[in-house]
């Protein structure tokens, strides 16, 4: 067990005793992206925890169940496990319990799941909340009716939360993945309740931005996230706890000849005179608005003019966003 950014990251209900927790209520789910639908569930958890005088905790799983059950077509995660825990923590949830999701775990029936995951001799489970369509146990045979019966027998408060609909469609991690892949960032951001972001480390590039274009960029080696379509975007770069306005480019830099022309580059120009050396450091980039498609320019001077125009447009977009 370890503490990540003020959040207790535990492996079971029983291990919470080590932190002096003896009464707990849990929200159960995968929570990839911690989108507005998940946040609705977290609000219900906080309400139950207040009313039962218990500690709110999220009970989640890693790796993603579909990664284990369908390894040939694993889902691209919206956020890393660490980022997921950070967002949950920022929402006011003190504790996250993460169960390793394995083939053996997936084959457990619903009763075994309840016994192994929701029972502790030393920690009283006071409340449970899940999404109304949540299923568990081998073959997904466990459902809210199974949980409701279990909760009634144990004297546990139980709540099944309705799906959140947006424009007539349910908000889901799958819908967000599709929106990002299709370049529908406005829709993705609306469902997330925050800007979609990619995270990773800054790596060395060919220094074309600095030496040729007078526009230094941080080249991001992405460790987690779904890469949006090629093009130029307005957004922010998050580094060292601060948020910097950024012009973001995704593409292959077709104006220049590269050793590996198929290599996708994700670059962020941190605006307002940012000049810190950040090679090898973690960086997160947030996408607010699509600006234009990737283009191949006839000359470096034409490209430099376009970059200047893009940056001016991005400044205006971010200025308006700040006022909203």
Could you please let me know if residue 107 is closer than 22 Å to residue 48 by Cβ and free of Cβ contacts under 8 Å to residues at least 40 places away in the same chain? no
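Out of 68, 79, 96, I need the residue that is part of a helix (DSSP H, G or I) and over 18 Å from residue 161 (Cβ atoms). Which one?
Details: 79 fails: part of a helix (DSSP H, G or I); 96 fails: part of a helix (DSSP H, G or I).
That would be 68, the only listed residue that is part of a helix (DSSP H, G or I) and over 18 Å from residue 161 (Cβ atoms).
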Flagged in segment 82-93 as closer than 16 Å to residue 10 by Cα and either without any contact (Cβ under 8 Å) to a residue 24 or more places away in the chain or not in a helix (DSSP H, G or I) (or both), in numbering order, are 93
- Message: Please determine whether any residue of segment 228-235 is part of a loop (DSSP other than H, G, I, E, B), within 17 Å of the chain's Cα centre (by Cα) and in the same structural domain as residue 316 (by TED's automatic domain parsing).
- Response: yes
Only one of (1) surrounded by 13 or more Cβ atoms within 10 Å (Cβ to Cβ); (2) at pLDDT below 95; (3) closer than 24 Å to residue 307 by Cα does not apply to residue 224, and that is (3)
Margin query: Taking the conditions exactly as written (surrounded by 21 or more Cβ atoms within 10 Å (Cβ to Cβ) and under 28 Å from residue 107 (Cβ atoms)), does residue 10 satisfy them or not?
Written below: yes
How many residues of segment 136-173 are free of Cβ contacts under 8 Å to residues at least 24 places away in the same chain, exposed (fewer than 15 other Cβ atoms within 10 Å of the Cβ) and closer than 24 Å to residue 103 by Cα? The answer is 2
Scanning segment 272-295 residue by residue, those at pLDDT 90 or above and part of a loop (DSSP other than H, G, I, E, B) turn out to be 280, 281, 293, 294, 295
Taking segment 116-125 and keeping residues under 26 Å from residue 51 (Cβ atoms) and either out of contact with any helix residue (DSSP H, G or I) (no Cβ under 7 Å at 6 or more places or on another chain) or surrounded by 20 or more Cβ atoms within 10 Å (Cβ to Cβ) (or both) leaves 117, 118, 119, 121, 123, 124, 125
Taking segment 229-244 and keeping residues modelled with pLDDT of 95 or more and either loosely packed, with under 15 Cβ neighbours inside 10 Å or farther than 21 Å from residue 320 by Cβ (or both) leaves 229, 230
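The values are calculated or read from the model by the stated rules, or taken from the named source; none is laboratory data. On a predicted model such as this, the values are computed, not experimentally measured, just so you know. Counting neighbours? That spans all protein chains shown, and the Cβs are built from the backbone with ideal geometry, glycine included.
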